[in-house]
Amino acid sequence: MPPEPYSGTKSHTPVTHHILSVLVENKAGVLSRVAGLFSRRGFNIYSLAVAPADDHERFSRITIVVDAESAPLEQVVGQLDKLLNVVEIKDLAPAEAVERELLLATAELSASERSPLLSLVAHAGAAIIDFSAERVTVSLTGTPAALNAFEASLTEHCPSLEVQRTGRVALPRLNPSA
Amino acid sequence: MTGAQALIKSLENQGTEIIFGLPGGAILPVYDPIIDSTIRHVLVRHEQGAGHMAEGYAQATGRPGVAMVTSGPGATNIVTPIANAYMDSTPLVVVTGQVPTAAIGTDAFQECDITGITMGITKHNWLIKDPRDIAEVIAEAFYVATTGRPGPVLVDMPKDVAQSEVDWHDAPQIDDLDLPGYHPRTEGDPAAIRQAAELLSQAERPVLYVGGGVLKGRASAALLQLAELSGAPVVTTLMARGAFPDSHLQCLGMPGMHGNYTAVTALQRSDLLVSLGARFDDRVTGRVDAFAPSAKIIHVDIDPAELGKVRRPDIGITGDSRLVIEAMTEASRDLARADLSAWWRQLNEWRERYPLTFDAAEEGAALKPQAVIEALSANSPADSIVVSGVGQHQMWAAQHWRYDHPNTWINSGGAGTMGFAVPAAIGAKAGRPDRTVWAIDGDGCFQMTAQELVTARSEQIPIKVAILNNSYLGMVRQWQEMFYEERYSEVYLSPDLPDYVKWAEAMGCVGMRIDSPDDVVPAIEKANAIDDRPVVIDFRTDEREKVFPMVAAGASNDEIMVHPSQRDGA
C-alpha cells in the first residue's frame, strides 16, 4: 500500500521520504512549474515550503518532501533540474538533515479544560500566542516527529481543534555521523 | 521603436528567414512591422498548420521553426504542434499574442492562459510584461530551443507591450544571458567514454541502437565512422531513419512494434546495446522487463534525465551525440576487437529468413500500399524528403522507403499526431526548396489538415502528397481485426467521400486517382515533373493490408508476429 499523500492535519511521512532543497529563480509562475512537474510525472509531494532565499530579489528556496517510493529519486531530481528556473537542487536524506516545522493550533476550551492544556503546552515547550475567553492559540516549532506527538496529544485533550502546519524546512547536518 | 518592431527585429537578428502564422486581434500590432521585414511570412489556414509547418521546417533544416499566432483560440490551436515538438525534441519558437496586461486575468475576449497551458509541453515559456525585456527573451528563447535537448518554447506577447514605445538595445551575447538554471552539457565524461569503448570492443553481440538524437546532433558522419570501426550492426529507430544509410551492409533497419524481425531480434539477443540519442520508448522496448534481457547498456543522451528513466545503464554518458560518438571512436582505435563473425552469421541468417515482405496485389484488386511506397522511393530523387502522418501508412513509409540520407524522413513519432504530414511537408519544402518533398499520408490523416494545401498553392510551395486511401482509419482497423474480434467500430471512412481529386483541384493542386498497378509509376513520374504547384495522388489501396511484423502492445519483443507467409507452416 502506498502511503497516503500529505493532507491537512495528517502529517504521516513516508518511510522513504527525501527532502529536496531547491533554489529557484524568483520568477512569476515558478511554483506552478515545480508543482506541475511533480503532478504530471506522477511524483508525490508530502509537503512543500517556499520562502525567499538569501538574495531576496532573485532567488527563492523551495523545500519539498518527496515520497521516494513514487519514483526513483534521481528521476525526480533529473526532471526537476530541467526546469529553466531551477538553479540548484540539494537532496537531503533524512538522516543527514536537520528538519524543523512550525505548528499553530487553536483549541476551544471551557475554563476547566484549560489546566490540562496548559501543562501539555508547557511540557512540549510550546507557547501560547493568542487567546480569548473561549479559545487559545498555541505554537510549537520542532521536528516533524515532535509536532506529530504534540498534535496527537492536543487532539486527545481538545475535541474542537484547528491545526495548521507549515511543512518542514531543512538544512544539511553539520556532523552527519552524529 | 514599438515593442512589435523590437520583436520582429529580434527575430531577424536570430536569423529567422520564415514565420508560419495567422494574425488576429491581440497579435495585430506585431503583424504591422512584418510588412517591412526581410522575414518571409507564410499565411496558414489554421494555426495547427503553422505549428506543424514550423516543425517540418526545423526537422528538414536543423534550424528552429518559428510560428506566430494570436491569443485565445489561435494559441490553443497550436498546442498540438507544441506537444508534438516536445515529444520529438524539435526546436520551435512560438510567439502568441496575448490580451493587454491590464486585461490579463479578467476573462477578456480571446484571453487564455497559454503559458499555463503549455508549461508541461515546452522547454520553457515566457510572458513578456515589459517591452525592455523583448530582446533578451527572444535571445533566450532561441538559445533554449536549440541547445541541449532541443524543444519548443513559447513567448506570450501582450498587445500593450507590442504597442508601447521602447529604446532598442541589442540582446546580450549567449554567455551573458541571465540563465542561472540552464547549463546544457555537451562533452561526455572521458572516463566513461573510454569504458564504453572498451565494452564495445569486447562485446560479442553488440548493437548500435540509434535514435533521433543522432540527427539532432548532426552525428551521422561520426556514427558511420564508429559503426565501421566497431563492425557492429546498427538499428535506426522511427525517429532516426536515415541517420545511418539503409543501403549500408551494417544497417539492420528499424526496431520496435513494427520493426523488422532482424532489428527487433538483434536487440533482444544482444550482449551490449549502445544507445545513441534514443530513449527506450515503449514502442521500441515492448514489455520493458523482457527487453534485451542479456544486454549491458551504454546510454548516451544529451538529457541526463533520460539515463535510467526506463532502463538502468551500465554506463551512462551525458553529452552531445556527435561529440560523444567521435570521442568513443577515438578511444576505440587502438583496442583489440572481439570477433563478431558468429553474430553476423546469425544476423544474416535472420535477414535472409525474415526480410520485410508483403503479398503481391491480386489481379484487378486494389493496390498494395507497400508496393506504392517502394515505387515512390525507387522513382524519386535519392535525397527526397518524406513526411508522413500517423498510422499504417507511417509504418509502411518507415519500413519500405530506402533512407540513405539524414533528415530525409520526418514524422510524428512520440505524440502520434494524425494530420501532421501535409503541413509538415509544406514546412520542409519551404526550408529545402531544392528537394523533392513527398507527404505520404493516410486518408484519415489527410482529412484533418488538407486545407493547408491552399497555403501551399498560394505560397508557391509545391509539395507532393501520396494518399494511401484504404477508406479506413487503417491502424485502428488493424487492431480491431486482430484484438477486437473483427468488430469494426467507427473506422470506415469511404474511398470516394470526399472526392480527393476534386478536392485537390479546388485547392489549386493537380489531382490524380490511381487504382491500377500499371499506372503507379507513370503517375509518380508525372508528379515528380510538376514543380509549379502541389500534386495530390489518391492511391486506392487494399483495406485488408496490415502492418507486419508486429509486437502487440505490452507483449515481449520475443513474441514478434512476422508476416503470415513467414510463419511456421506457411
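Below is a table of values for the structure above.
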| quantity | calculated |
| --- | --- |
| Conditions (1) in a helix (DSSP H, G or I); (2) out of contact with any helix residue (DSSP H, G or I) (no Cβ under 7 Å at 6 or more places or on another chain); (3) of a type outside the set (S, T, N, Q); (4) within 22 Å of B:Gly148 (Cβ to Cβ): number failed by B:Pro184 | (1) |
| Every pair of residues 6+ apart whose Cβ atoms lie under 7 Å, when the first sits in region B:481-503 and is closer than 27 Å to B:Phe548 by Cα while the second is surrounded by 11 or more Cβ atoms within 10 Å (Cβ to Cβ) and hydrophobic (A, V, I, L, M, F, W, C) | B:Val491/B:Leu473; B:Val491/B:Val476; B:Leu493/B:Leu473 |
| Test: residue in region B:167-174 that is aliphatic (A, V, I, L, M) and touching a strand residue (DSSP E or B) at 6+ places or on another chain (Cβ under 7 Å) | no |
| Among the residues listed as B:Ala162, B:Ala145, the single one being within 12 Å of chain A (Cβ to nearest Cβ), in contact (Cβ under 8 Å) with a residue 40 or more places away in the chain and in a helix (DSSP H, G or I) | B:Ala145 |
| Options B:Ala75, B:Ala58: the member that is touching a Cys at 6+ places or on another chain (Cβ under 8 Å), under 23 Å from B:Val422 (Cβ atoms) and either of a type in the set (A, V, I, L, M) or buried (at least 24 other Cβ atoms within 10 Å of the Cβ) (or both) | B:Ala75 |
| Pair list, Cβ under 7 Å, 6 or more apart: region B:187-199 residue assigned by TED's automatic domain parsing to the domain that holds B:Val300, other residue among the aromatic types (Phe, Trp, Tyr) | none |
| Residue in region B:179-191 that is in contact with an Asp or Glu (Cβ under 9 Å, 6 or more places away or on another chain), surrounded by fewer than 22 Cβ atoms within 10 Å (Cβ to Cβ) and of a type in the set (Phe, Trp, Tyr) present | yes |
| Qualifying residue in region B:100-115 (condition: in contact (Cβ under 8 Å) with a residue 24 or more places away in the chain and either more than 23 Å from B:Gly24 (Cα to Cα) or touching a His at 6+ places or on another chain (Cβ under 8 Å) (or both)) | no |
| Selection count where residues are small (Gly, Ala, Ser), surrounded by 15 or more Cβ atoms within 10 Å (Cβ to Cβ) and in a strand (DSSP E or B), scope region A:14-61 | 4 |
| Residue that is farthest from B:Asp282 (Cα to Cα), among those in region B:378-434 that are touching a His at 6+ places or on another chain (Cβ under 6 Å) and buried (at least 24 other Cβ atoms within 10 Å of the Cβ) | B:Pro423 |
| Search result, residues across region B:307-345 that are among the aliphatic types (A, V, I, L, M) and within 14 Å of chain A (Cβ to nearest Cβ) | B:Leu307, B:Val310 |
| Residue check, A:Ala105 loosely packed, with under 13 Cβ neighbours inside 10 Å and under 30 Å from A:Ser32 (Cα atoms) | no |
| Filter result (without any contact (Cβ under 8 Å) to a residue 24 or more places away in the chain and more than 20 Å from B:Leu323 (Cβ to Cβ)) within region B:221-279 | B:Leu249, B:Gln250, B:Cys251 |
| Options A:Asp91, A:Asp67: the member that is touching a Pro at 6+ places or on another chain (Cβ under 6 Å) and away from chain B (no Cβ under 13 Å) | A:Asp67 |
| Any hit, region B:212-232, residues being within 14 Å of another protein chain (Cβ to nearest Cβ), farther than 22 Å from B:Trp350 by Cα, within 24 Å of the chain's Cα centre (by Cα) and not acidic (Asp, Glu) | no |
| Subset tally (residues that are at the interface with chain B (Cβ under 9 Å from one of its Cβ atoms) and closer than 17 Å to A:Glu88 by Cα) for region A:33-42 | 2 |
| Answer residue from region B:96-117, given it is crowded, with 20+ Cβ neighbours inside 10 Å and either within 11 Å of chain A (Cβ to nearest Cβ) or of a type in the set (Gly, Ala, Ser) (or both) and is nearest to B:Gly3 (Cα to Cα) among those | B:Gly97 |
| From B:Met68, B:Met87, residue being touching a residue at least 40 places away in the same chain (Cβ under 8 Å) and surrounded by 24 or more Cβ atoms within 10 Å (Cβ to Cβ) | B:Met68 |
| Within region B:52-62, tally of residues that are more than 11 Å from the chain's Cα centre (by Cα) and closer than 17 Å to B:Val454 by Cβ | 1 |
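The values are calculated or read from the model by the stated rules, or taken from the named source; none is laboratory data. These numbers were taken from a predicted model, which means no experiment stands behind them. Cβ sites come from the backbone with ideal geometry, for glycine too, and all protein chains shown count toward neighbours.
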